[in-house]
Amino acid sequence: MEYEFLGRSGLEVSRITFGTMTFGGGGDYVHTGNSPQEEATRLVDICIEAGVNCFDTADGYSTGKSEEILGKAIGKRRDDLIIATKVFYPMGEGRHDLGLSRRHIIQACEASLKRLGTDYIDLYQLHEVDNQTPMEESLAALETLVQQGKVRYVGCSNFSGWHLMKALAIQEKRNYEPMISQQVYYSLIARELEHELVPLSHDQNIGMLIWSPLAFGLLSGKYRRDHKPEKTRLAHWGTPGTVDYEKLYTIVDLLETIAKERGKTIPQVALNWLLRKPTVTSVIIGARNEAQLRDNLGAVGWALTQEEVARLDKASESPLLYPYWHQIRWSEDRNPNIALQYKP
């Protein structure tokens with residue numbers, strides 16, 4: 001296994017993080033997976049044997065069931081591992097049972113600690129932006145938890161660039177512990193974050209944890225020009241953003257070509273492409289079964305060549321949005337050898 005420090009912190013995480021959304025399978029999450037305790041423990045054991053030290057969950061996954069199963073699966077090995085969980089989603093029917101109010105954050109953290117069977121959370125993440133609660137209030141609640149020793153590090157998920165920069169500015173001004181990571185959606189068919197969030201991570205030294213690196217299974221190799229599987233998570237949740245299927249098929253064809261040349265699988269190549277990106281700290285993989293997990297773990301321990309990465313970059317590139325095309329034009333006009341470092 002390979003490891004990397006998470007952002008500006010001294011927290012060293014495995015390049016593969018195991019995501020436990022499939023644990024429990026309650027409510028809508030039954031469509032992502034339904035691993036009971038015994039199976040989940042087996043998957044956690046396989047991850048630990050492979051050197052994975054980071055496990056990601058959220059209180060909203062099956063309304064806490066994922067956290068409960070993960071805590072039991074880890075058991076006495078807790079101090080050797082990194083637990084990341086999140087807060088935002090509804091945990092009840094009350095008016096304060098969701099969001100990022102001080103009341104909900106502190107209450108949710110206490111509940112997560114009990115379900116996980118631990119007295120501290122390594123990385124506590126704001127799962128979404130709460131436009132109804134002042135950000136100052138949410139960040140003050142996180143700081144309280146840090147000062148109490150219940151949370152070691154803080155991060156966010158699904159924030160826009162300006163939301164994350166605002167949060168960092170507030171934390172710096174008030175001398176709060178700063179966010180060290182952002183958990184984001186990124187893949188060969190979802191490169192929008194390269195416009196703002198990737199340069200932000202580089203500039204502010206923010207680690208990036210990648211969720212759904214195979215784009216809800218679109219990059220698994222199952223989706224081809226002549227075949228679209230019906231009973232999938234994607235079929236239930238819907239398409240993530242706008243998908244150009246002809247472009248997807250072109251990307252998958254190239255993934256297959258490179259996979260055959262390297263003796264790898266399509267998912268392994270897609271995951272390794274992400275691991276070659278400078279600001280990506282770790283990719284979060286989920287698994288419905290042992291075979292799928294072992295295949296995804298095979299994405300580390302080797303590296304695509306620069307030429308292979310360039311081929312995949314070219315096949316998956318998308319037009320620049322304003323003002324980025326304008327900025328790059330002027331950068332290149334002033335010095336042909338210097339452009340924005342993270343040109344999508």
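The values are calculated or read from the model by the stated rules, or taken from the named source; none is laboratory data. Owing to the predicted nature of the structure, the values given are computational and were not obtained by experimental measurement. Cβ placement follows ideal geometry from the backbone for every residue including glycine, while neighbour counts extend to all protein chains displayed. For the accessible areas, the whole protein counts, side chains as well, though only heavy atoms, and no ligand, DNA or RNA atoms are used. Shrake-Rupley method; radii C 1.70, N 1.55, O 1.52, S 1.80 Å.
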Filtering segment 171-228 for residues that are farther than 30 Å from Ile328 by Cα, open to solvent by 30 Å² or more (accessible area, probe 1.4 Å) and aromatic (Phe, Trp, Tyr) leaves a count of 2
The condition from (1) farther than 25 Å from Lys314 by Cα; (2) without any contact (Cβ under 8 Å) to a residue 60 or more places away in the chain that Pro178 misses is numbered (2)
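Restricting attention to segment 131-146, does a residue exist that is in contact (Cβ under 8 Å) with a residue 60 or more places away in the chain and open to solvent by less than 10 Å² (accessible area, probe 1.4 Å)? Steps first, please.
Initial filter on segment 131-146 (in contact (Cβ under 8 Å) with a residue 60 or more places away in the chain): none.
No: segment 131-146 contains no residue that is in contact (Cβ under 8 Å) with a residue 60 or more places away in the chain and open to solvent by less than 10 Å² (accessible area, probe 1.4 Å).
So which of Pro199, Pro213 ends up being outside any strand (DSSP E or B), of a type outside the set (A, V, I, L, M), under 18 Å from Glu317 (Cα atoms) and modelled with pLDDT of 95 or more? Working first, answer last.
Working: Pro199 fails: modelled with pLDDT of 95 or more.
Unique residue meeting the criteria: Pro213.
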Can you name every residue in segment 321-339 that is at pLDDT below 85, open to solvent by less than 70 Å² (accessible area, probe 1.4 Å) and either touching a strand residue (DSSP E or B) at 6+ places or on another chain (Cβ under 8 Å) or in a loop (DSSP other than H, G, I, E, B) (or both)?
Asn335, Ala339
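Across segment 275-310, what is the number of residues that are surrounded by 15 or more Cβ atoms within 10 Å (Cβ to Cβ) and not in a loop (DSSP other than H, G, I, E, B)? Let's see the steps before the verdict.
Within segment 275-310, the first condition is being surrounded by 15 or more Cβ atoms within 10 Å (Cβ to Cβ), and the residues that meet it are 275-277, 279-288, 292-293, 295-300, 304, 308-309.
Cutting the leftovers down to not in a loop (DSSP other than H, G, I, E, B) gives us 275, 280-285, 292-293, 295-297, 308-309.
Going through segment 275-310 one residue at a time, the tally reaches 14.
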Mind listing whichever residues of segment 102-127 are buried (at least 20 other Cβ atoms within 10 Å of the Cβ) and either within 12 Å of Leu142 (Cα to Cα) or without any contact (Cβ under 8 Å) to a residue 24 or more places away in the chain (or both)?
His104, Ile105, Ala108, Cys109, Ile121, Leu123, Tyr124, Gln125, Leu126
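With of a type outside the set (A, V, I, L, M), surrounded by 15 or more Cβ atoms within 10 Å (Cβ to Cβ) and at positive phi as the only criterion, which of Gly155, Gly99, Gly149 stands out? Working first, answer last.
Working: Gly155 fails: at positive phi; Gly149 fails: surrounded by 15 or more Cβ atoms within 10 Å (Cβ to Cβ).
Answer to the check: Gly99.
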